[in-house]
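Just below is one structure, and these are the notes that go with it.
The values are calculated or read from the model by the stated rules, or taken from the named source; none is laboratory data. The model shown is predicted, which means the values in this text are computed figures rather than measured ones. Heads up, the Cβs are rebuilt from the backbone with ideal geometry, glycines too, and the neighbour counts pull from every protein chain shown. These accessible areas exclude ligands, DNA and RNA; they are computed on the full protein's heavy atoms, side chains included. Shrake-Rupley method; radii C 1.70, N 1.55, O 1.52, S 1.80 Å.
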Amino acid sequence: MSTGTANIDFTNDMTAGFYGHSNPVILAAIRSALDNGISFGGPHAHEVALAEAICRRFTSIERVRFCNSGTEANLVAMGLARAATGRPLVLAFQGGYHGSLATYTNVEAPLNVDKQQMRFARYNDEEDVRRVLDKFGEETAAIIVEPMMASGGGILGNRAFLAALRTMTDKCGALLIFDEVVTARFSPGGLQDLFQVRPDLTTLGKSLGGGITFGAFGGRADLIDRLDPSRPGAILHSGTFNNNVLTMSAGHIGLTEMATIHALQAVNASGGKLRHSLLEVAKVRRKALTIGGYGSILSLHFQPAEPRNPAEITTTPTQRKLFHLDMLLRGFYTPRRGTINLSLATTDEDCEAFVEAFAGFLDQFSAFLPRG
Ligand code: PMP
């Protein structure tokens, strides 16, 4: 069981709770940090250790800087791209989510920043990106992309599409930013390593901070070095809690002791097994179901064809709500948006019980779900 309450947790803090609620290794790191001072106002050893661990794992990250959230990491990365290229525009994807101030599930969201300086294309659609770059390529500082759209529906980027973004950005002199806030957990070097596409900048967050407030961005040394305050003409990047001691120690221990290659492979394999079982249960009942996502993150759509971008999602908000509320009644906590996020604390028994409950849900609400 991964929770102390009546519900088994398949939300896991929207993927940030990757190590479970009370992982003893993480708790020990935090306790030890507490005993040795939590506020220094300057660099400290935990920060260096986490930075080194991240640079070792992600081949495209030659230097890394910390901040306090994934939102902040993305805003700074986009700002750095603008400053480094001297160009104003950033191309993002309709349905993408890069934080509370960069929410492109609604490109007109009131709190979004730099609205006039954003351009948008369809995810997984190389031609559409080309169309935008033909018009705005010379003014484009960067393309920012989630290699798997998380909030937008657990839609995995096509490898060829992501590789094409690399080629197109190189051609027009723009930078390529991968938002791996969610996907970094898929392998020691993130989804970029599995796809073998090397971005200029990568943003990180969520579980890499050990479950505590976290954000980071890193990449090419020549870009990140522009923020190094010891260099003449450095661009200012600052923040009181950027190197929060508790985050740095939990993040470091988590990455080096918990998120080993074997642990990541095992949790991805559990996700694969769960995916297979859920699809079987739906197939037997002739219900339409596709499951997007990757490895330990599953994204359920009650529709026959897997969506390649958010516009192709036909599952209704009512169906999602029904799934969420009914699974809650059956003792399973999943996010409203239909994803299932495994953690290192999720057991085989948790997954088996989930499959059984899901079969009950399909039987009870068959009339509200499309035929497969
Ligand atoms: N990028 C992605 C892909 C995310 O899913 C999220 C959070 N859901 C963020 C950025 C924002 O991170 P935070 O909530 O830490 O600001």
Restricting segment 193-207 to residues that are open to solvent by less than 10 Å² (accessible area, probe 1.4 Å) and under 14 Å from Phe66 (Cβ atoms), the residue that is farthest from the ligand (Cβ to nearest atom) = Thr202
query = Is there any pair with a first residue in segment 59-87 that is closer than 12 Å to Ile224 by Cα and among the aromatic types (Phe, Trp, Tyr) and a second that is open to solvent by 40 Å² or more (accessible area, probe 1.4 Å) and within 15 Å of the ligand (Cβ to nearest atom) whose Cβ atoms are under 7 Å apart and which are 6 or more apart or on different chains, and what are they?
reply = none
request  = State all residues of segment 114-151 that are in contact (Cβ under 8 Å) with a residue 12 or more places away in the chain, open to solvent by 70 Å² or more (accessible area, probe 1.4 Å) and under 25 Å from Gly70 (Cβ atoms); if no residue qualifies, say none.
outcome  = Asp114, Arg122
inquiry  = Residues to consider are Asp13, Asp9; find the one that is within 30 Å of Asp326 (Cα to Cα), among the charged types (D, E, K, R) and within 16 Å of the ligand (Cβ to nearest atom).
reply    = Asp13
request  = Look through segment 64-88, keep the residues that are surrounded by 21 or more Cβ atoms within 10 Å (Cβ to Cβ) and under 23 Å from Asp128 (Cβ atoms), and return whichever of them is nearest to the chain's Cα centre (by Cα).
outcome  = Asn74
note = Every listed condition ((1) open to solvent by 20 Å² or more (accessible area, probe 1.4 Å); (2) farther than 23 Å from Thr140 by Cα) holds for Ser187 save (1)
query = Hey, which of the strands (runs of 3 or more DSSP E) in segment 210-319, taking only ones fully inside, have at least 1 residues that are surrounded by 21 or more Cβ atoms within 10 Å (Cβ to Cβ) and not assigned by TED's automatic domain parsing to the domain that holds Ser32?
reply = 290-294, 297-301
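Mind listing just one residue for me: the one in segment 320-341 that is of a type outside the set (A, V, I, L, M, F, W, C) and in a strand (DSSP E or B) and, of those, surrounded by the most Cβ atoms within 10 Å (Cβ to Cβ)?
Asn341
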inquiry  = Looking only at segment 54-75, filter to residues that are in contact with a Ser or Thr (Cβ under 7 Å, 6 or more places away or on another chain) and aliphatic (A, V, I, L, M); which one of those is nearest to the ligand (Cβ to nearest atom)?
reply    = Ala73
